[in-house]
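Written below as structure tokens is the structure these notes are about.
The values are calculated or read from the model by the stated rules, or taken from the named source; none is laboratory data. As the structure is a prediction and not an experimental result, all values here were calculated from the model. Note: ideal-geometry Cβ built from the backbone for every residue, glycine included; neighbour counts use all protein chains shown. The area values use the complete protein model at the heavy-atom level, side chains included, leaving out ligands, DNA and RNA. Shrake-Rupley method; radii C 1.70, N 1.55, O 1.52, S 1.80 Å.
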Amino acid sequence: MKFNFLMTARFLGLFMCLLGIFMGLIVLGGCKKSPHTFAEERPQDSVPSTAEEFASITVKNGRLTFEDGREVSLFGTNYHPMSWYQYRNMKALGADFRSVIRQDISDMKKMGVQVVRVHVFEREISDQQGALIDNVHLDIFDMLVDELIKQGMYLYLTPLSWWNAPDELDTSFSKQVTKMGMMFDEQAVEASKRFVHEFLVHENRYTGHRLVDEPNLALLEILNEPWYFPYAAMEDVSRDHSWHKENETTEETYRKDYETWKSKWLAYCQERNVMPSESNYDKFQQGEILAYLNGMVSVIRETGSAHPIAAALFESSYNKGVLDAIQASKVDAVTDGWYPGGFEYNEEKNLFEEAANYELPQQVRQKAKVVYEFDIPGTFDNVGMYPAMARRYRSMGAQIACQFQYDSSITAPYNVDWGIHYLNYLYTPAKSIAFAIARKAFNEIPLGTKYQVTSDKQVFGDFAVSFQPYQAMVVQPSDVMYAQTLEDWIPYQLPRTPKHVLGRGNSTFIHYEGSGFYDFQQDTDTKAVLYVSPDILRQEDVQQLFTNTSTQREVIKLGYTTHRRLEIKIPGWNSFTATDPAGNSQQITNGKMMVLPGKSYQLVKSNTQQ
């Protein structure tokens, strides 16, 4: 996609010493081990590990499988606290990076996130030869990996992205070439190989493991969103109308790489005594891209990695040579992405017409399938596309899908990272519920299932979405979730006594006057937990939520101080005791209670109901 845009006191002496040493050194080569921290604060790691057992992932017959033979199905998001403006914004807001990352991952888990994708901004941590440079960005990356492991979440890693960044190093190898040049410029290719190798074998200062040996590493994708010179440009450079020509690179760099590529193309024709033609260009391009992909696969395998390796389909749907190269290559999987409505305000648009079932190009259907990025840009309450996208992705065989991107709890009040993309557990309540529903759909819809769907309201199995009214829901005997008030459109017979209800507004099960969401989870016949999220105090109209560029102006505030009326209408829950985290209890009758947004309540049925 296009980008416009933490020691305790007893460690302080050590920190200052190490910092002084670091500042006095000139980085001369690669970095395999990172023995110290560069982050602004490093609190004691007192939180015990809660990691689940990770299972290694492999590919069999074009499908991702766990080592025990189970089919892989992982739904997640992209997250970059160590890089780009997200790092800059978090730092400007005084982030304790460990604490914020820990909280963000915890919140992601509550939404159902199972995997986090990171595409690495290698320009922040590499030199002109591709050597890995140890600095704050690598430190925070290590910290993120450590926290993902502790909280039981997989990592999907793209080690090369080429993108610029405000803290990029002018001497980084990828800044010297276009993204196209990353795949054929000899120096760039060799630097890429060195960087990927050193990055994968570097030792995480928090886990003590090489990155490639981390138990949660699920998948490696070679290069984020590759670009290619079209055949038309070989005859006339002005016919290269791709948007990359005018963005992220200088005209001088573009011209250099263009001339190199064209020279290789003309030499190809001369050596084979063939005329320049589109079909011959396809063969030429296939050979060049195939060599690049297999070379990168070899470098990754040399680290000891047995992880599935993927190649991006970005800009390849119209490019036969690239598709043929991916088909013939040693990569195990292909990645696809989708942004219905484009990078603009979409709150008032019906996007379901774009959500028909679809297939990837024939050449790559035998590869495992992954979605590296997806989102419904520029939306806040119009959230039905999340489950619809999950359905669509399952129809084409996707086994991993990652939304772009998750807004950190410290930057979410401002939405200044990737403004048109806005997702946070608390700050975007309708979207966080719709995301949870989409995760469930992605995990439960059988791979390859195709539903007949309409362009306004879609019902697929236990899942339903609507444009008017804005809605996303799942209805199952024990589990009901809905992103908006559940009154106007209910295409199912609702269960009488669900054990789990996650929603907003009013429904047959719960009436609530606050603007956040409620999460009711019955644990036993007599006990339940009720969480009520903070109120949403919007400072701007919906369209203005996506245009802020300043960490001095909040677009959303969270409300914690106003008590709200909530009524539980689930049969059997009319009389109970509700206890808040401070131990304050209230006896509830008729299911009606006053709640304080942002708090959890332990509910215990009265004796007369037990």
Sole residue being open to solvent by 30 Å² or more (accessible area, probe 1.4 Å), of a type in the set (A, V, I, L, M) and modelled with pLDDT of 95 or more, chosen from Val212, Val274: Val274
With a cut-off of at least 3 residues that are more than 26 Å from Tyr531 (Cβ to Cβ), name the strands (runs of 3 or more DSSP E) lying wholly within the range 48-145. 57-60, 63-66, 115-119
Just need a number here: residues in the range 161-194 that are open to solvent by 10 Å² or more (accessible area, probe 1.4 Å), among the charged types (D, E, K, R) and in a loop (DSSP other than H, G, I, E, B). 4
Of the conditions (1) open to solvent by 50 Å² or more (accessible area, probe 1.4 Å); (2) more than 30 Å from Lys91 (Cβ to Cβ), Gln552 satisfies every one except a single condition; which number is it? (2)
Can you tell me which of (1) assigned to a loop (DSSP other than H, G, I, E, B); (2) at pLDDT 95 or above; (3) small (Gly, Ala, Ser) is the one Gly419 doesn't meet? (2)
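The rows are residues; the columns are (1) modelled with pLDDT of 95 or more; (2) farther than 30 Å from Thr428 by Cβ; (3) surrounded by 22 or more Cβ atoms within 10 Å (Cβ to Cβ); (4) hydrophobic (A, V, I, L, M, F, W, C).
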| site | (1), (2), (3), (4) |
| --- | --- |
| Val113 | yes, no, yes, yes |
| Phe121 | yes, no, yes, yes |
| Ser126 | yes, yes, yes, no |
| Met143 | yes, no, yes, yes |
| Gly152 | yes, no, no, no |
| Val196 | yes, yes, yes, yes |
State all residues of the range 294-319 that are at pLDDT 95 or above, more than 24 Å from the chain's Cα centre (by Cα) and under 22 Å from Gln362 (Cβ atoms); if no residue qualifies, say none. Asn294
List, please: which pairs have Cβ atoms under 6 Å, are six or more places apart or on different chains, and start with a residue in the range 449-477 that is on the phi < 0 side of the Ramachandran plot and end with one that is of a type in the set (Val, Ile, Thr) and part of a loop (DSSP other than H, G, I, E, B)? Ala472/Val383
Which residues, taken from the range 494-553, are of a type in the set (Asp, Glu) and either in contact with a helix residue (DSSP H, G or I) (Cβ under 7 Å, 6 or more places away or on another chain) or assigned to a loop (DSSP other than H, G, I, E, B) (or both)? Glu513, Asp523, Asp525, Glu540, Asp541
Lys527: over 29 Å from the mean Cα position of the chain (by Cα), within 30 Å of Ile445 (Cβ to Cβ) and basic (Lys, Arg), yes or no? no
Within the range 321-337, can one find any residue that is modelled with pLDDT of 95 or more, more than 22 Å from Tyr156 (Cβ to Cβ) and not in a helix (DSSP H, G or I)? no
Between Glu373, Glu344, Glu348, Glu359, which is part of a strand (DSSP E or B) and not hydroxyl-bearing (Ser, Thr, Tyr)? Glu373
Which ones in the range 312-361 are acidic (Asp, Glu) and touching a Pro at 6+ places or on another chain (Cβ under 8 Å)? Glu315, Asp332, Glu344, Glu354
Test Ser478 against the criterion of being touching a helix residue (DSSP H, G or I) at 6+ places or on another chain (Cβ under 7 Å), of a type outside the set (Val, Ile, Thr) and open to solvent by 40 Å² or more (accessible area, probe 1.4 Å), and give yes or no. no
